[in-house]
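A.B. asks: Got a structure here, written out as structure tokens. Questions coming.
Each value in this text was obtained by applying a stated rule to the coordinates, not by laboratory testing. All of these numbers come straight from a predicted model, not from anything done at the bench. Counting neighbours? That spans all protein chains shown, and the Cβs are built from the backbone with ideal geometry, glycine included.
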Amino acid sequence: MRLSRAFLLVPVAVAGSTVSAQAQNAANEDEWFIQIGAARVELAEEAEVTIAGTELPNAGIDMNACYTAVAELGCRIKPAIALTLAVGVPVKQAINGAETLAPYGKLTSVTYGPAAAMVQWHPFRFGRLDPYVGAGAAYSHVCDAQDGTLTNLNASDDIGPAFQIGMAVNIGPSAAMFVDAKKAFLNTELKGSLGPVPVEGRLSLDPLVLQRGLKLRM
């Protein structure tokens, strides 16, 4: 009799776990979340510069890493798929000359606002761990370009592909800590003057954004 009861309890337990799994998946769908944290931004240092229509060989630039705050709002449209929009506080970046541009010192300071729209894939959850990868597009808006050695400067906005990898570690029912890395491929076109001489340049920014912070589910 006890054995029969045991066999009867097995399908009930299986059915219970199936309902529980379905409920978990249903809870994951339409789940809104926000990730907020500090970010380190590292930029590529590649430049093509022409002075008075002549390309300057071995032109280089030097840009130190800078820090900002980034907020990323997202929604899980499927248990394993989320759509996100990340926006950063505008960053002021000094651009210094290097190699053949080194004698010109500080060329300019550019303030730009970064943003990215991503599709994330969350392949699995392992205990408290929620790893993910993403792909989408990044946008850089130039808010201001201040004169340095270069004057009368104009800098262009750009949009380009972006990729993401990260991991969230749950610390509660609606909260997690996360680490995240985004890589975007962006350029900016510069036009200005070096004294009376016209200057044009193409800078490969290709930012790498490394972030950590707090994730809240709503």
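A.B. asks: Can you name every residue in the range 146-200 that is of a type in the set (S, T, N, Q) and under 20 Å from Gly113 (Cβ atoms)?
C.D. replies: Hits for the range 146-200 are Gln146, Asn154, Ser156, Gln164, Asn187, Thr188.
A.B. asks: Any idea which of Tyr132, Tyr67 is surrounded by 14 or more Cβ atoms within 10 Å (Cβ to Cβ) and either among the charged types (D, E, K, R) or touching a strand residue (DSSP E or B) at 6+ places or on another chain (Cβ under 6 Å) (or both)?
C.D. replies: Tyr132
A.B. asks: Separate question: I need the full set of residues from the range 101-123 which are within 30 Å of Thr50 (Cα to Cα), assigned to a strand (DSSP E or B) and among the hydrophobic types (A, V, I, L, M, F, W, C), in order please.
C.D. replies: Once the filter is applied, which keeps residues that are within 30 Å of Thr50 (Cα to Cα), assigned to a strand (DSSP E or B) and among the hydrophobic types (A, V, I, L, M, F, W, C), the range 101-123 yields Leu107, Val110, Ala115.
A.B. asks: Quick check on the range 171-206: of everything there that is within 15 Å of the chain's Cα centre (by Cα) and surrounded by 22 or more Cβ atoms within 10 Å (Cβ to Cβ), which residue is nearest to Glu31 (Cα to Cα)?
C.D. replies: Among residues in the range 171-206 that are within 15 Å of the chain's Cα centre (by Cα) and surrounded by 22 or more Cβ atoms within 10 Å (Cβ to Cβ), the one nearest to Glu31 (Cα to Cα) is Asp180.
A.B. asks: Only one of Gly105, Gly74, Gly97 is loosely packed, with under 15 Cβ neighbours inside 10 Å and in contact with a strand residue (DSSP E or B) (Cβ under 8 Å, 6 or more places away or on another chain); which?
C.D. replies: Sole residue among the options that is loosely packed, with under 15 Cβ neighbours inside 10 Å and in contact with a strand residue (DSSP E or B) (Cβ under 8 Å, 6 or more places away or on another chain): Gly105.
A.B. asks: Which of the residues belonging to the range 63-90 are charged (D, E, K, R) and closer than 19 Å to Ser140 by Cα?
C.D. replies: Glu72
A.B. asks: Which one of Leu85, Leu153 is surrounded by 15 or more Cβ atoms within 10 Å (Cβ to Cβ) and either free of Cβ contacts under 8 Å to residues at least 60 places away in the same chain or outside any strand (DSSP E or B) (or both)?
C.D. replies: Of Leu85, Leu153, the one residue that is surrounded by 15 or more Cβ atoms within 10 Å (Cβ to Cβ) and either free of Cβ contacts under 8 Å to residues at least 60 places away in the same chain or outside any strand (DSSP E or B) (or both) is Leu153.
A.B. asks: Next question, about the same structure. Which residues, taken from the range 34-57, are more than 30 Å from Met218 (Cα to Cα) and β-branched (Val, Ile, Thr)?
C.D. replies: Listed by number, the residues that qualify are Val49, Thr50, Ile51, Thr54.
A.B. asks: Would you call Gln164 in contact (Cβ under 8 Å) with a residue 60 or more places away in the chain, in contact with an Asp or Glu (Cβ under 7 Å, 6 or more places away or on another chain), buried (at least 16 other Cβ atoms within 10 Å of the Cβ) and of a type outside the set (A, V, I, L, M)?
C.D. replies: Answer is no for this residue.
A.B. asks: Out of the range 138-150, which residues are closer than 21 Å to Val87 by Cβ and either in a loop (DSSP other than H, G, I, E, B) or in contact with a Gly (Cβ under 7 Å, 6 or more places away or on another chain) (or both)?
C.D. replies: The answer is Ala138, His141, Cys143.
A.B. asks: Here is a follow-up. Can you pull out the residues in the range 42-64 that are over 16 Å from Lys182 (Cα atoms) and surrounded by 15 or more Cβ atoms within 10 Å (Cβ to Cβ)?
C.D. replies: Glu45, Ala47, Val49, Ile51, Leu56, Ala59, Gly60, Ile61, Asp62, Met63
A.B. asks: Okay, moving on. Within the range 183-212, can you find the residues that are touching a residue at least 40 places away in the same chain (Cβ under 8 Å), of a type outside the set (Ser, Thr, Tyr), closer than 19 Å to Ala65 by Cα and part of a strand (DSSP E or B)?
C.D. replies: Ala184, Leu203, Leu208, Val209, Leu210, Gln211, Arg212
A.B. asks: Based on this model, can you work out whether Ala98 counts as assigned to a strand (DSSP E or B) and over 22 Å from the mean Cα position of the chain (by Cα)?
C.D. replies: yes
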